[in-house]
Each structure stands twice: as structure tokens, then as C-alpha cells.
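The values are calculated or read from the model by the stated rules, or taken from the named source; none is laboratory data. No experiment lies behind these values; they were computed from the predicted model shown. Here the Cβ positions follow ideal geometry from the backbone for every residue, glycine too, while neighbour counts run over all protein chains shown. Ligands, DNA and RNA are excluded from the accessible area calculation, which covers all protein heavy atoms including side chains. Shrake-Rupley method; radii C 1.70, N 1.55, O 1.52, S 1.80 Å.
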Amino acid sequence: MNEILMKRALEEAQKAFEKDEVPVGAVIIRKGEIIAAAHNCRETSKDATAHAEMLAIKEACKILGGWRLIDCEMYVTLEPCAMCSGAIIQARIERLCIGAMDPKGGAAGSTLNLFEDYHFNHRTEVIKGILEEECSQILKDFFKRKR
């Protein structure tokens, strides 16, 4: 099941790739059903906060009618940054599944770990390395094309 949902996040990342955005995709599920899906849109929206995770959280909150995403899980192709990790914790997402790690800006264990090193009032379980090669490859292809 984890691989199927990460493939759906990769489909979102591909949409970003086609828009010349850094190809990161995210999906949020609740009780086995996808309730939100998004991809990076920082360049097209001219918005520094338009990361895939932030957009998916906003969509899920709208769909569920509140800011607490209880019983929800997020699948994201790239390790979230500090902003997105904080939003995941604040939204009360129960489980975070990550594809590739981000050694330059990840906040789930690469540069810092908001999920384990700090004591917030909510704990998010983190699973790493789901379809890691595929999630890493789309980023490599994107940046290779940019150079």
C-alpha cells in the first residue's frame, strides 16, 4: 500500500516537473482514501510557501472542514523542510511517509529532525525510504535538465 500511495505522490511530482517546478509531490490519505494531492507551485504562484506539503494540507483542511487532520497520513516524495515539517506537526498528521531524503534542507532527519529532537504536543510517526530511488531520480533528472 505504501508504494501505491507514493506512486500517486510521484504523479504529482511529475506535474511539477512539467511546469518547470522542483518536482515534489504530496498526497494526504484518511482511512485509506486520498483526500488531497498537490505538487510544488512556488515558481508559478510566486509564493515561497507553495510547497507540495503546504498545498496538500490546505486542501485537506478545506475538505475536512478544520485544521486538525486527525487520522490522516501524508506521502511526500522529498523529505519536508522545516516549514512543512512544522505544518505537518501543527496539522496533527499521524504518519509521514517520505520517499527521498533532502541532505541540504530536510527537517525529518537530514539537517535537523523536528519529529524526534523536539517535544511538541503532537507526535508524527515517520517512515523513510518508500520508493526512494524513483523519488530521487525525478529530482536528479530535473536538476540535470536545468544545468
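Remarks
- Criterion: over 14 Å from the mean Cα position of the chain (by Cα), without any contact (Cβ under 8 Å) to a residue 12 or more places away in the chain and closer than 21 Å to Leu5 by Cα - qualifying residue of Glu133, Glu116: Glu133
- The residues listed here are Ile29, Ile70; of these, the one that is within 14 Å of Arg8 (Cβ to Cβ) and either over 9 Å from the mean Cα position of the chain (by Cα) or basic (Lys, Arg) (or both) is Ile29.
- Scoring Val27 on the criteria (1) closer than 21 Å to Leu131 by Cβ; (2) assigned to a loop (DSSP other than H, G, I, E, B) leaves a single failure, condition (2).
- Hits in region 115-130 (condition: in contact with a strand residue (DSSP E or B) (Cβ under 7 Å, 6 or more places away or on another chain) and either at pLDDT below 95 or open to solvent by less than 30 Å² (accessible area, probe 1.4 Å) (or both)): Phe115, Thr124, Ile130
Let's see how each residue does on (1) more than 19 Å from Leu131 (Cβ to Cβ); (2) part of a loop (DSSP other than H, G, I, E, B); (3) touching a Leu at 6+ places or on another chain (Cβ under 7 Å); (4) of a type in the set (Phe, Trp, Tyr):
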position	(1), (2), (3), (4)
Val22	no, yes, no, no
Thr44	yes, no, no, no
Glu59	yes, no, no, no
Lys62	yes, no, no, no
Ile89	yes, no, yes, no
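- Filter result for the condition that a residue is of a type outside the set (Ser, Thr, Tyr) and more than 18 Å from Phe143 (Cβ to Cβ), over Ala26, Ala16: Ala26
- Comparison of Glu18, Glu59 shows that the only residue that is over 24 Å from Ile127 (Cα atoms) and open to solvent by 10 Å² or more (accessible area, probe 1.4 Å) is Glu18.
- Boolean, Asp102 is in a loop (DSSP other than H, G, I, E, B) and either among the aliphatic types (A, V, I, L, M) or under 22 Å from Lys15 (Cβ atoms) (or both): yes
- Beta carbons closer than 8 Å, at least 6 apart along the sequence or on distinct chains, pair a first residue in region 73-93 that is over 18 Å from Asn2 (Cα atoms) with a second that is among the hydroxyl-bearing types (Ser, Thr, Tyr) and surrounded by fewer than 23 Cβ atoms within 10 Å (Cβ to Cβ) for Met83/Thr49; Ile88/Thr124; Ile89/Thr124.
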